[in-house]
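Read-outs throughout are calculated quantities, based only on the coordinates presented, and are distinct from any laboratory measurement. Being a predicted model, the structure only gives us computed values, none of them experimental. Methodologically, a virtual Cβ is constructed for each residue, glycine included, from the backbone with ideal geometry; neighbour enumeration extends over all protein chains shown.
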Amino acid sequence: MTLKIEDQSPDFELPDQNGKNHKLSDYLGKKVLIYFYPRDFTAGCTIEACQIRDSFPKFGNINAVVLGISADSVESHKKFAEKHYLPFTLLADTNKEVARVYGVYQPKKFLGKEFLGIVRTSFLIGESGKIEKIYEKVKPAAHASEVLIDLERG
């Protein structure tokens with residue numbers, strides 16, 4: 001399944017870093033940034049999460065929700081969120097089902113080896129649940145600013 005702008009965002013239900021389940025449909029009426037990232041505690045993922053953390057009040061000011069998703073466990077997310085004081089929700093997609101539905105579980109290469117993994121990609125979801133923007137090949141240090149510019153433009 002290849003998602004594109006204007007598609008209805010597939011609903012899902014996943015546990016957060018505290019074990020509480022979240023459904024995407026719970027956030028209808030709000031803008032939602034769903035950002036998929038490879039792994040807790042890796043350099044790029046930490047930079048991206050901390051940039052979003054530092055900009056988080058601006059997301060709240062424009063009634064936007066942030067949901068980070070990786071295949072890490074609830075426990076890993078809890079440690080990651082606590083260590084970096086992350087004020088937003090991290091969702092555990094341990095079976096990679098949501099990543100597959102969103103098309104971000106793909107072949108990757110690292111040090112000459114090919115493997116399947118989550119490709120850093122984000123989706124900006126509108127109040128009606130439709131995809132407004134897809135961010136591919138995300139640059140962790142600039143991503144929060146890029147999304148905020150798009151949110152402020154409306």
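Per-structure values
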read-out: Karplus (6.51, -1.76, 1.60) ³J(HN,Hα), θ = phi - 60°, over the stretch 73-90, in Hz, Gly and Pro reported as x; value: 6, 4, 5, 5, 4, 4, 5, 5, 5, 5, 4, 10, 6, 7, x, 10, 8, 10
read-out: Cα-based Rg of the chain normalised by 2.2 N^0.38 Å, two decimals; value: 0.96
read-out: Helix-derived mean residue ellipticity, 222 nm - over the chain, DSSP H n ≥ 4, -39500 (n - 2.57), to 500; value: -9000 deg cm²/dmol
read-out: Volume in Å³ per residue [convex hull over Cα atoms, computed for the stretch 1-91]; value: 109 Å³
read-out: In Hz, Karplus ³J(HN,Hα) per residue of the stretch 115-120 (6.51, -1.76, 1.60; θ = phi - 60°; x = Gly, Pro); value: 7, 8, x, 7, 8, 4
read-out: In sequence order, calculated HN-Hα J values of the stretch 28-35 (Karplus, 6.51, -1.76, 1.60; Hz; x Gly/Pro); value: 4, x, 10, 7, 10, 9, 9, 10
read-out: Nearest-0.05 FRET efficiency for residue 146 and residue 41, computed from C-beta distance (R0 22 Å); value: 0.40
